[in-house]
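Step one of this worksheet: look at the structure below.
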Amino acid sequence: MEITAIYPGTFDPITVGHMDVAERVSGMFDHIVLAIARNPSKKPFFTLEERTELATEILKPLSNVTVIPFDGLLVNVAAEAKASVIVRGLRAVSDFDYEMQIAGMNRKLNSDIETVFIAAAQEYAFLSSSIVREIASHQGDVSEFVHPMVLDAFKRKLG
Ligand code: COA
């Protein structure tokens, strides 16, 4: 039986930390759906369309990864995509409580879907999209943390 895993997030923007998780899980499951949440509560810097386009282009080399935008509940999107696994990256102990809460709630909403945690690579443990946005907005160098396409997207948006 083929297994599809869904890897959700806001990806505002996708970073090398996310790319590392996507690459590693692409070798573990048959299909990966990287699902980008509209997430208006986070007031994203990049539009949903921009975030989706960037992740789609950047992850093209991973042939079993598909990128989709989504609104609404993750478990519903997972069921639609026929995903039986939700993948979450864990960077540090500080992520743990929140992740356990979300995993517990998602399990309550749909007990057919299991959450699997992937330990983020040590060198990216400090990384987050908001830190990258903060540095970029002050003209700092984020080339180590994002794909060149994201660098270009920042240049276009920040002028
Ligand atoms: N490397 C680098 N950074 C990482 C990372 C990794 N491996 N894993 C996570 N991060 C960063 C993210 O970039 C994000 O940074 P930011 O807060 O600066 O933007 C931060 O860690 C938190 O990430 P995450 O917990 O994945 O939050 P998110 O906002 O990216 O995604 C959703 C949250 C979209 C998965 C969640 O809100 C959701 O499922 N929403 C749908 C609605 C729903 O179903 N809600 C009910 C759940 S019970």
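When the C-alpha to C-alpha distance is required to be over 24 Å, the pairs from K42/K155; K42/K82; K60/K82; K60/K155; K42/K157 that qualify are K42/K82. In the full protein context, the stretch 28-159 carries 61 Å² of accessible surface per residue, based on a 1.4 Å probe and ignoring ligands, DNA and RNA.
Counting alpha carbon pairs within less than 8 Å and at least 6 residues apart, what relative contact order, in whole percent, applies to the chain? Spell out each step's value before the answer.
On the way: 225 pairs, mean separation 44.8, N = 159.
Relative contact order, the chain: 28 percent.
Within straight-line reach of K43, meaning a Cα separation under 19 Å, sit the following aspartates and glutamates at least 8 residues removed in sequence or on another chain: D12, E53, D71, E134. Taking amide H as placed 1.01 Å from N in the peptide plane, Y7 has its amide H under 5 Å from the amide H of V33, L34, A35, V87, each at least 5 places away in sequence or on another chain. Taking each residue as 0.36 nm, the span from M100 to E53 lengthens on full extension beyond its C-alpha to C-alpha distance by 13.9 nm. Helix-only arithmetic for the chain: the sum of -39500 (n - 2.57) across DSSP H runs with n ≥ 4, divided by the residue total, places the mean residue ellipticity at 222 nm at -12000 deg cm²/dmol.
The values are calculated or read from the model by the stated rules, or taken from the named source; none is laboratory data. Everything numeric in this text was worked out from a predicted model, so none of it was measured. We work out accessible area using only protein heavy atoms, side chains counted, and drop any ligands, DNA or RNA first. Shrake-Rupley method; radii C 1.70, N 1.55, O 1.52, S 1.80 Å.
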